[in-house]
Amino acid sequence: MRVRLEFSIIISFVCSFVFSQNNSFVPGKQWKDTDGVHINAHGGGILFIDGMYYWYGEYKTSGRAGNVSLEGISCYTSKDLYNWHNEGIVLKVEQDSNSEITKGCVMERPKVIFNKKTGKYVMWFHLELKGQGYNAAKAAVAISDSPKGPFKFKKSYRPNKGAWPIDFKDEFKIPGNNEAALKSWSPQWLTAIKNGMLVRKDFDKGQMSRDMTVYVDDDEKAYLIHSSEENLTLHISELTDDYLDFTEKWTRVAPAGHNEAPAIFKKDGVYYMITSGCTGWEPNEARSFSAKSIWGPWESLGNPGVGKDASLTFHSQSTYILPVPGKKDQFIFMADRWKPENAIEGSYVWLPISFSNGKPVLKWFDQWSLASFTEKSIK
């Protein structure tokens with residue numbers, strides 16, 4: 001009788017485990033890992049290596065204080081994108097109060113790429129120093145021999161110190177008259193921003209880097225795409241061959257356009273970027289851009305969202321775009337639905353990207369799967 005009871009318990013556990021597995025995406029809802037705990041990898045990105053997906057993100061804790069980094073960067077693994085196993089904290093905050101990544105700093109939007117030349121896994125993230133708000137505006141890099149970590153913090157940067165953008169006009173390198181007296185958001189002030197007022201201001205110490213992503217092109221060249229100039233202008237900065245520093249070759253995208261949360265992908269030789277406006281933790285209308293070269297010019301394509309709540313990007317903000325491995329022209333838009341009052345409860349909005357007239361399109365689905373992910377099915 002006891003053997004039968006124990007066997008029954010085992011069968012019940014196995015059946016419960018099998019039937020609890022995910023086989024679709026349910027945007028905006030609580031997404032539990034294989035331990036039954038809501039996934040904690042916010043502002044994240046995906047790396048695909050040897051048949052395994054690695055999801056890196058900000059590890060949030062409870063309450064509003066959970067928006068600063070009290071633990072570090074987390075990692076989850078999956079073979080199907082639906083079911084994720086918690087691999088733990090792969091870049092830990094440091095106990096040394098003199099460290100730039102000490103407990104209480106801000107570590108946001110981690111992205112990991114693999115360098116084929118060095119065999120290293122390289123993590124870039126947005127770093128703000130403890131107790132300094134968002135004034136540091138740094139890009140930081142860590143490195144590991146394994147995608148599961150541990151990652152070791154290497155250095156932080158203000159990118160492109162002492163370097164002008166590649167297409168910067170000579171006349172823009174000279175300060176304009178009375179720029180400091182210009183009224184914020186006035187037409188004259190916006191023109192001054194477009195003409196490089198903040199680029200010149202940060203020329204000697206390096207440019208700001210806040211919301212960011214990393215993109216590796218077909219030729220293995222890698223780029224940091226980051227919100228700069230007080231979040232008014234996006235910068236695209238080329239990384240060195242080891243992906244650990246900057247070549248000082250960089251350009252500006254949509255000067256004074258007030259974009260953040262960049263996510264980038266490539267289709268049929270054309271680069272596409274989806275961003276958001278700047279409204280703090282509150283959602284806003286997404287923007288999209290395209291270019292035939294990573295260096296531009298970038299053309300504005302408007303809001304990629306359609307349908308109900310598209311004006312708020314379905315109550316979310318972009319973080320990454322995943323090209324589905326082995327699936328031509330299949331891309332997943334990854335976004336966060338922030339909950340700043342209790343950061344750990346923030347959820348995720350993953351949606352398929354379709355195309356119409358050469359523009360990316362985002363439609364809402366209460367539930368969807370990769371099996372149903374075709375241009376015809378999502379139009």
| request: Sort out for me the strands (runs of 3 or more DSSP E) sitting completely within segment 311-363 that have 3 or more residues that are among the hydrophobic types (A, V, I, L, M, F, W, C). | output: 331-337, 347-356
| field | Candidates Leu351, Leu322, Leu312, Leu301, filtered to the one that is over 27 Å from Val112 (Cα atoms), in contact with a strand residue (DSSP E or B) (Cβ under 6 Å, 6 or more places away or on another chain) and not acidic (Asp, Glu) | value | Leu301
| query | For Ser74, all conditions in the list (1) at pLDDT below 95; (2) among the polar types (S, T, N, Q); (3) buried (at least 22 other Cβ atoms within 10 Å of the Cβ) hold save one; what is the number of the exception? | reply | (1)
| task | Please go through segment 172-188 and pick out each residue that is in contact (Cβ under 8 Å) with a residue 12 or more places away in the chain and either in contact with an Asp or Glu (Cβ under 7 Å, 6 or more places away or on another chain) or in a helix (DSSP H, G or I) (or both). | result | Phe172, Lys173, Glu179
| remark: Matching residues in segment 203-230 (surrounded by 19 or more Cβ atoms within 10 Å (Cβ to Cβ) and more than 30 Å from Lys117 (Cβ to Cβ)) number 1
| task | Output the number of residues of segment 249-277 satisfying the condition of being under 15 Å from the mean Cα position of the chain (by Cα) and not β-branched (Val, Ile, Thr). | result | 10
| task | Kindly list the number of the only condition in (1) more than 28 Å from Pro352 (Cα to Cα); (2) more than 19 Å from the chain's Cα centre (by Cα); (3) surrounded by fewer than 22 Cβ atoms within 10 Å (Cβ to Cβ) that fails for Val93. | result | (3)
| said: Taking the condition of being surrounded by fewer than 17 Cβ atoms within 10 Å (Cβ to Cβ), in contact with an Asp or Glu (Cβ under 9 Å, 6 or more places away or on another chain), farther than 17 Å from Leu244 by Cβ and of a type outside the set (Phe, Trp, Tyr), how many residues in segment 134-166 meet it? | reply: 3
| Single residue of segment 260-293 satisfying the filter (among the charged types (D, E, K, R) and assigned to a strand (DSSP E or B)) that is farthest from Leu362 (Cα to Cα) | Glu260
| message | Pairs needed: first member in segment 29-42, at negative phi and in contact (Cβ under 8 Å) with a residue 24 or more places away in the chain; second member anywhere, among the basic types (Lys, Arg) and outside any loop (DSSP other than H, G, I, E, B); C-beta distance under 8 Å; at least 6 residues apart or different chains. | response | His38/Lys32; Ile39/Lys32
| query | Does segment 118-132 include one or more residues that are closer than 27 Å to Ser318 by Cα, of a type in the set (S, T, N, Q) and buried (at least 16 other Cβ atoms within 10 Å of the Cβ)? | reply | no
| Could you list, in sequence order, the residues of segment 91-119 that are in contact with an Asp or Glu (Cβ under 8 Å, 6 or more places away or on another chain), part of a strand (DSSP E or B) and among the basic types (Lys, Arg)? | Lys92, Arg109
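The values are calculated or read from the model by the stated rules, or taken from the named source; none is laboratory data. Here the structure is a predicted model, which means the values were calculated and not measured. Because the Cβ atoms are built from the backbone with ideal geometry, glycine has one as well, and the counts that use them run over all protein chains shown.
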